[in-house]
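Visitor: Dropping the structure in here first, questions after.
The values are calculated or read from the model by the stated rules, or taken from the named source; none is laboratory data. All values derive from a computational prediction rather than experimental measurement. Methodologically, a virtual Cβ is constructed for each residue, glycine included, from the backbone with ideal geometry; neighbour enumeration extends over all protein chains shown.
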Amino acid sequence: MAVIVQKFGGTSVGSAERILRVAQRVDRTAAAGNMVAVVVSAMGDSTDELISLAHRISSRPPEREMAMLLATGEQVSIALLTMALAKLGREAVSFTGPQAGVLTDGNPLNARIRAFTAERVKAALAAGKVAVVAGFQGADAAGEINTLGRGGSDTTAVALAAALGADVCEIYTDVDGVFTVDPRIVPEARKLAEITYDEMLELASLGAKVLHPRAVECGKEHGVAIHVRSSFHDGPGTIVKEAVKMERGTVISGIACDEDQVKIAVVGVPDRPGIAAGIFTAIGNAGINVDLIVQSIHRNGENDILFTVSRDNLEKALAVLEPVVKEVGAKDLQYRHDVAKISVVGAGMIHGTGVAAGMFAALAAAGINIEIISTSEIKISCLIAADRLHDAARAIHAHFKLGEAVDCP
Ligand code: ADP
Ligand code: ASP
Ligand code: MG
């Protein structure tokens, strides 16, 4: 008897009809003799709607209350899906994250899972029931509700699969699997049959939101096979695992597009040691991830320090930077929303050459200016104008011919 974790994202549970369809799929999997634990997201755009509602009350809502509010979205879905399963005659029971034993680290809106006992889930499965668990939420040691960051239901699912020693964690979503680039942006995108944890982690961290980065990290750590697939049909999707069959001649596995970036500039910073350390320590202490960084040097003994953070973190970043800017004697603190990051990812880049040149040439040919560049062994990222992101994705995808299948025989 196999143990299967199935996770359904917001679109997949976006209406009563879709929840009934999800229930049928879960019921079929259980009827085939499997033990099934299900993880669900909030319905449709309801998390976004809850965030806008909060912002209509306050521009800086307390994080604790925001977590309290956002956690309600997933609670709606678990109850409705369990009702739908009951209607089909399938015994099922719903659990919130804390009831399922998701212990988090106390960060209200971007918590990490510290431990996942899943005791009540195991007991439900042992009693022949389907367990339906709320994604995206847990409670810290003091019992405070925490959420796992946007897209975090994927992480609940993979962590649950690890806790149960499940045979597979199926992530059902609104596309057919993991593609060479977001198929909604580039229709020529090609579905990958397999991808390694490392490449998927890089793509996810760089903004390909098909999987939450921590879900991939957790999958790699515990060796959970992740199958990303469509909730609308039964065709195979993409398997994320340790090693994959190398495709002949592929240096690049994919392109990630990130529209969630804001560029912050600390302008007119005195050119002396310790200033960058002061700025980034303040940002780091506030738990904010900094992405692309560049320092531009002027002749008059001043620098500008530019970097990007995610939009969610802008208010917080400005609040911690204001005093630091005064303290170091910088002239100004500015920010811009009209930027986006495009990244090319591939383990083959370690040995292959010419990827940077090809990427820059494709952008140049499309008349797209690069503002900041950052590279690692397996990725190259460029910050560009937000309104050119889709053109950039299409140009780079075409340049590297990523739409053409090159499987080994
Ligand atoms: P869910 O609600 O099911 O969690 P998400 O919206 O979080 O779904 O993730 C699925 C979306 O990820 C797709 O609709 C697609 O637009 C986007 N996406 C971005 N990059 C990729 C990629 N490389 N492959 C597939 N989908 C991608
Ligand atoms: N509902 C949460 C979000 O929209 C978590 C998730 O869907 O994974 O971010
Ligand atoms: Mg998601």
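Visitor: If Gly367 passes every condition in (1) modelled with pLDDT of 95 or more; (2) exposed (fewer than 14 other Cβ atoms within 10 Å of the Cβ); (3) under 24 Å from Ile305 (Cβ atoms) but one, which one does it miss?
Guide: (3)
Visitor: Does any residue of the range 51-65 turn out to be within 16 Å of ligand 3 (Cβ to nearest atom), out of contact with any Asp or Glu (no Cβ under 8 Å at 6 or more places or on another chain) and either modelled with pLDDT of 95 or more or part of a loop (DSSP other than H, G, I, E, B) (or both)?
Guide: yes
Visitor: Further question: Filter the strands (runs of 3 or more DSSP E) completely within the range 289-367 down to those with at least 1 residues that are over 25 Å from Asp260 (Cα atoms).
Guide: 293-297, 302-310
Visitor: Which of the residues spanning the range 68-117 are touching a Ser or Thr at 6+ places or on another chain (Cβ under 8 Å), assigned to a helix (DSSP H, G or I) and among the hydroxyl-bearing types (Ser, Thr, Tyr)?
Guide: Ser77, Thr82 - these are the residues of the range 68-117 that are touching a Ser or Thr at 6+ places or on another chain (Cβ under 8 Å), assigned to a helix (DSSP H, G or I) and among the hydroxyl-bearing types (Ser, Thr, Tyr).
Visitor: Report every pair of residues separated by at least 6 positions or lying on different chains whose Cβ atoms are under 6 Å apart, first residue within the range 1-26 and over 20 Å from Ala124 (Cβ atoms) and aromatic (Phe, Trp, Tyr), second modelled with pLDDT of 95 or more and in a helix (DSSP H, G or I).
Guide: Short answer, once both residue conditions are applied: none.
Visitor: In this structure, does Ile185 turn out to be hydrophobic (A, V, I, L, M, F, W, C) and surrounded by fewer than 24 Cβ atoms within 10 Å (Cβ to Cβ)?
Guide: So Ile185 passes the test.
Visitor: I'm trying to understand the selection: among the residues of the range 245-263, which are crowded, with 17+ Cβ neighbours inside 10 Å and more than 22 Å from the chain's Cα centre (by Cα)?
Guide: Listed by number, the residues that qualify are Thr250, Val251.
Visitor: What are the residues in the range 161-193 that are over 29 Å from Glu404 (Cα atoms) and under 17 Å from the mean Cα position of the chain (by Cα), if any?
Guide: Scanning the range 161-193 gives no hits.
Visitor: Can you tell me which residue in the range 127-156 is nearest to ligand 2 (Cβ to nearest atom), limited to those that are among the aliphatic types (A, V, I, L, M), in contact (Cβ under 8 Å) with a residue 40 or more places away in the chain and surrounded by fewer than 24 Cβ atoms within 10 Å (Cβ to Cβ)?
Guide: Residue satisfying both the conditions and the ranking: Ile145.
Visitor: Read through the list (1) without any contact (Cβ under 8 Å) to a residue 60 or more places away in the chain; (2) crowded, with 19+ Cβ neighbours inside 10 Å, then give the number of the only condition that Met349 fails.
Guide: (1)
Visitor: Now a separate question. Picking from Val244, Val262, which residue would you name as being assigned to a loop (DSSP other than H, G, I, E, B) and in contact (Cβ under 8 Å) with a residue 40 or more places away in the chain?
Guide: Going through Val244, Val262 in turn, just one is assigned to a loop (DSSP other than H, G, I, E, B) and in contact (Cβ under 8 Å) with a residue 40 or more places away in the chain: Val244.
Visitor: What number of residues in the range 157-190 are part of a strand (DSSP E or B) and more than 16 Å from ligand 2 (Cβ to nearest atom)?
Guide: Residues that pass the stated criteria total 2.
Visitor: Of the residues in the range 27-48, how many are within 16 Å of ligand 3 (Cβ to nearest atom) and either among the acidic types (Asp, Glu) or without any contact (Cβ under 8 Å) to a residue 60 or more places away in the chain (or both)?
Guide: Of the residues in that region, 5 qualify.
Visitor: Residues in the range 93-101: is at least one over 30 Å from Asn285 (Cα atoms), surrounded by fewer than 18 Cβ atoms within 10 Å (Cβ to Cβ) and without any contact (Cβ under 8 Å) to a residue 12 or more places away in the chain?
Guide: no
Visitor: Further question: Here's a check for you: in the range 219-252, which residue that is touching a Ser or Thr at 6+ places or on another chain (Cβ under 6 Å) and within 15 Å of ligand 2 (Cβ to nearest atom) is nearest to Thr11 (Cα to Cα)?
Guide: Ser231
Visitor: Suppose we filter Ala159, Ala204 for residues that are more than 14 Å from ligand 3 (Cβ to nearest atom), within 26 Å of Asn313 (Cβ to Cβ) and buried (at least 24 other Cβ atoms within 10 Å of the Cβ); which single one remains?
Guide: Ala159
Visitor: Could you check the range 206-232 and list, in sequence order, the residues that are within 15 Å of ligand 1 (Cβ to nearest atom) and free of Cβ contacts under 8 Å to residues at least 24 places away in the same chain?
Guide: Of everything in the range 206-232, just one residue is within 15 Å of ligand 1 (Cβ to nearest atom) and free of Cβ contacts under 8 Å to residues at least 24 places away in the same chain, namely Pro213.
Visitor: Condition (residue is under 30 Å from His390 (Cβ atoms) and basic (Lys, Arg)) applied to the range 209-220: is it met by at least one residue?
Guide: Yes - at least one qualifying residue is present in the range 209-220.
Visitor: Can you name the residue in the range 29-50 that is in a helix (DSSP H, G or I) and of a type outside the set (S, T, N, Q) and is also nearest to Arg120 (Cα to Cα) among such residues?
Guide: In this case the residue turns out to be Ala30.
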